[in-house]
Amino acid sequence: MTKCMDQNRIIIFDTTLRDGEQSPGASMNLEEKLRVAAVLEEMGVDVIEAGFPIASNGDFEAVNQIARTVGKSTVCGLARATRADIERCAEAVEPAPKKRIHTFISTSPLHMKYKLQMAPERVLEAVTESVTLARNLVDDVEWSAEDGSRTEHDFLCRCVEAAIAAGARTINIPDTVGYALPDEYAALIAMLINRVPNIDQAILSVHCHNDLGLAVGNSLAAVGAGARQVECTINGLGERAGNAALEEIVMALRTRADRLPYQTGVKTELITRASRLVSGITGITVQPNKAIVGKNAFAHESGIHQDGMLKHAQTYEIMTPESVGLTRSTLVLGKHSGRAAFKAKLKDLGYALGDNAVEDAFRRFKDLADRKKDVFDEDVVALVDDQADSARRIRFLSLEVLCGSKRAPAAELELEIDGTPNKVTATGDGPVDATFHAIRQLFPHDANLQLFQVHAVTQGTDAQAEVTVRLEESGKTVTGQGADTDTLVAAARAYVNALNKLLVKREKTAPEALTA
Ligand code: KIV
Ligand code: ZN
């Protein structure tokens, strides 16, 4: 991307699929990443950071597939300042019509001494070498100063100048550890604009973490000081306390245009869909009082507020629910709904499934509609998100559980493992315990169960149960979800789902590759 002509246009760089995916338990498989990328593109996100190609074959494949399918947004991959990282990244983003390499190195005294064990002069050389190499492979190169907010100013200026001289056209100054305060961070951006001689040849970007709850505040303060790219994630997903939330940045710019006269290209009406998609896939639920996308963000409970709202919505509402895509569904499906209505609903919910996947989903919808009178949007989302994908090694086939107050629970479970059906009966302290023992017997593994969570997708006793299971193995965590009107079937599906993700994660390279 060349330097933006419109001085008030803010480039939205989404890193849900890279920094967001680094959150514990947030790993996504290829098909899930493609779905997220498609929604980001449709939303009008300018740059999609699709992953860290050197980290694993799975990451490479995801970036590469996204580069093949996304046409409107720039597809970006992350690379450390090494030849291997940068070449692998270039190969991954190669098919994209608009591609970017994002290369980074730490510049703070603490990181250079302890993490990199490199002298500052050597880091400076690596900046020039890495950006030069990246620019030989693609036109659009972004350079980041990891731990930029804790870097000495003179040294940061020298690194930024070197990166621009070597051809970087976006310079990102991350607040990697979420330490900065808004006025301090804005002053840092202003300092770079004032002191770096070639700064007019690049766009300044910000990337804020939320350790002190200031990621969005810091990003907006930096925009006021001259930054024109904001790096953010859906639902604020990301390392530790997360990154700046895309929905909060974009809605703050839209709602407070009087004080923040900047524009983004984001279609805000797609925010709710993107938020639900990401939380559904990752199993990381959004807190009810979360700004913009929390369940209560537009709910008015107290009588005084409800009274005010009835008289004039703006008494208590600074933005409309419709502006973020929150609308009440009018089309509820049931057992008489046909394929056409079901397909229309899928489209409405933002799913672009292939013919086989639609057929599979339709079969499962019919099965659900036999057991449940009204099938709501949430049911369809749960059903599709839970759909088996062809890359899975383990598939759920059937489950029968005997339990009650008079007998020890026993679960008869059938799974297909690498194409072969296997059956076992196991007992346990309760029906869930018996079901999970059966899974362990059929597919022995050492992962620890860290979270078992059940919630009803909609209201009523016929509601689908959505179960979330988090497994941990050697410090790696994964989250799986399963939905069914039978809570135990949902639990088995969720566990199997998590196990499949764990098998993918086992392929990943050493965790130090992911220290960003
Ligand atoms: O937080 C950070 O510093 C990063 C960089 C790799 C941009 O994620
Ligand atoms: Zn980060």
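The values are calculated or read from the model by the stated rules, or taken from the named source; none is laboratory data. Please read all numbers here as calculations on a predicted model, not as lab measurements. Neighbour counts run over all protein chains shown; Cβ positions are idealised from the backbone, glycine included. In case anyone asks, the SASA skips ligands and DNA or RNA and just uses the protein heavy atoms, side chains included. Shrake-Rupley method; radii C 1.70, N 1.55, O 1.52, S 1.80 Å.
Observations
- Residue count for region 34-43 satisfying the condition of being open to solvent by 10 Å² or more (accessible area, probe 1.4 Å) and either in contact with a strand residue (DSSP E or B) (Cβ under 9 Å, 6 or more places away or on another chain) or over 15 Å from Ala274 (Cβ atoms) (or both): 1.
- Checking each residue in region 1-26 for being more than 16 Å from ligand 2 (Cβ to nearest atom) and open to solvent by 10 Å² or more (accessible area, probe 1.4 Å) picks out Met1, Thr2, Lys3, Cys4, Met5, Asp6, Gln7, Asn8, Arg9.
- Evaluation of Phe362 against the conditions (1) in the same structural domain as Glu466 (by TED's automatic domain parsing); (2) without any contact (Cβ under 8 Å) to a residue 40 or more places away in the chain; (3) among the aromatic types (Phe, Trp, Tyr) shows that the sole unmet condition is (1).
- Matching residues, region 11-54, being without any contact (Cβ under 8 Å) to a residue 60 or more places away in the chain, in contact with a Gly (Cβ under 8 Å, 6 or more places away or on another chain) and small (Gly, Ala, Ser): Ala50, Gly51
- Residues in region 235-249 that are open to solvent by 30 Å² or more (accessible area, probe 1.4 Å) and within 15 Å of ligand 1 (Cβ to nearest atom): Glu239, Arg240, Ala241.
- Within region 268-300, being in a helix (DSSP H, G or I) and open to solvent by 40 Å² or more (accessible area, probe 1.4 Å) holds for Glu269, Arg273, Arg276.
- Considering each residue of region 177-188 in turn, none proves to be within 12 Å of ligand 1 (Cβ to nearest atom) and either assigned to a strand (DSSP E or B) or at pLDDT below 95 (or both).
- Any hit, region 164-175, residues being away from ligand 1 (no atom under 16 Å from the Cβ), touching a helix residue (DSSP H, G or I) at 6+ places or on another chain (Cβ under 6 Å) and open to solvent by 60 Å² or more (accessible area, probe 1.4 Å): no
Matching residues to (1) open to solvent by 10 Å² or more (accessible area, probe 1.4 Å); (2) away from ligand 2 (no atom under 16 Å from the Cβ); (3) in contact with a His (Cβ under 8 Å, 6 or more places away or on another chain):
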| residue | (1), (2), (3) |
| --- | --- |
| Val45 | no, yes, no |
| Glu49 | no, no, yes |
| Pro120 | yes, yes, no |
| Leu133 | yes, yes, no |
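- Considering region 122-158, the residues that are in contact with a Lys or Arg (Cβ under 9 Å, 6 or more places away or on another chain) and touching a residue at least 60 places away in the same chain (Cβ under 8 Å) include one that is farthest from ligand 1 (Cβ to nearest atom), namely Asp140.
- Of all residues in region 243-266 being in a helix (DSSP H, G or I) and more than 16 Å from ligand 2 (Cβ to nearest atom), the one that is nearest to Val223 (Cα to Cα): Leu253
- Strands (runs of 3 or more DSSP E) (entirely within region 67-160) containing at least 2 residues that are under 22 Å from Asp200 (Cα atoms): 99-106, 140-146
- Just one of the listed residues (Asp154, Asp140) is farther than 28 Å from Ser275 by Cα, open to solvent by 30 Å² or more (accessible area, probe 1.4 Å), away from ligand 2 (no atom under 16 Å from the Cβ) and acidic (Asp, Glu), namely Asp154.
- Taken over region 481-492, the criterion of being crowded, with 24+ Cβ neighbours inside 10 Å and part of a helix (DSSP H, G or I) is satisfied by Ala490, Ala491, Ala492.
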